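J.: Starting off with a structure, shown below.
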Amino acid sequence: QVQLVESGGGLVQAGGSLRLSCAAPGSIFSTYTMGWYRQAPGKQRELVAKIARGGSAYYVNAVKGRFTISRDNAKNTVYLQMNSLKPEDTAVYYCNANEWSGDYWGQGTQVTVSE
């Protein structure tokens, strides 16, 4: 079974920063598009950002200019640097690995942004 292991969530004040990490098996990481999703209470899970194996990145409008997704191919790890955090960024953040041959999820990490 494929395991994606997330870390880095926590509680931060508005305007602060957090960095999320997600480690994946090398066989997955080298070929899959890696992404971050989030799910706030009472809402559907939504895409935040994704990065292709070649490094091209996509962000939803709500996080453009504040969040940066990156991948370290030597460490098989994808990161989400979150700056200028807002209370509306509060959610459980999930790491995702996606390709035509499979779709895998991490267990989720809580991010809470206080006023």
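The values are calculated or read from the model by the stated rules, or taken from the named source; none is laboratory data. All values derive from a computational prediction rather than experimental measurement. As a convention, Cβ positions derive from the backbone with ideal geometry for all residues, glycine included, and neighbour counts pool all protein chains shown. Calculation scope for accessible area: heavy atoms of the full protein, side chains included, ligands and nucleic acids excluded. Shrake-Rupley method; radii C 1.70, N 1.55, O 1.52, S 1.80 Å.
J.: For the stretch 48-98, which positions are surrounded by fewer than 14 Cβ atoms within 10 Å (Cβ to Cβ) and in a strand (DSSP E or B)?
T.: Result: Asp72, single match.
J.: Can Gly15 be described as touching a residue at least 40 places away in the same chain (Cβ under 8 Å), farther than 22 Å from Gln1 by Cβ and not aromatic (Phe, Trp, Tyr)? Working first, answer last.
T.: Working: touching a residue at least 40 places away in the same chain (Cβ under 8 Å): yes; farther than 22 Å from Gln1 by Cβ: yes; not aromatic (Phe, Trp, Tyr): yes.
Answer is yes for this residue.
J.: So which residues in the stretch 1-43 are over 12 Å from Gln107 (Cα atoms), open to solvent by less than 20 Å² (accessible area, probe 1.4 Å) and in contact with a Ser or Thr (Cβ under 7 Å, 6 or more places away or on another chain)?
T.: Leu20 - this is the single residue of the stretch 1-43 that is over 12 Å from Gln107 (Cα atoms), open to solvent by less than 20 Å² (accessible area, probe 1.4 Å) and in contact with a Ser or Thr (Cβ under 7 Å, 6 or more places away or on another chain).
J.: List every residue pair whose Cβ atoms sit under 8 Å apart, with the two residues 6 or more apart in sequence or on different chains, where the first one lies in the stretch 33-48 and is hydroxyl-bearing (Ser, Thr, Tyr) and the second, anywhere, is open to solvent by 80 Å² or more (accessible area, probe 1.4 Å).
T.: Thr33/Lys50; Thr33/Arg53; Tyr37/Arg45; Tyr37/Glu46
J.: So which residues in the stretch 4-39 are part of a loop (DSSP other than H, G, I, E, B), small (Gly, Ala, Ser) and touching an Asp or Glu at 6+ places or on another chain (Cβ under 8 Å), if there are any at all? Let's see the steps before the verdict.
T.: Residues of the stretch 4-39 that are part of a loop (DSSP other than H, G, I, E, B), as a first pass: 4, 8-9, 14-17, 24-25, 30-32.
Now restrict to residues that are small (Gly, Ala, Ser): 8-9, 14-17, 24, 30.
Across the stretch 4-39, the qualifying residue is only Ala14.
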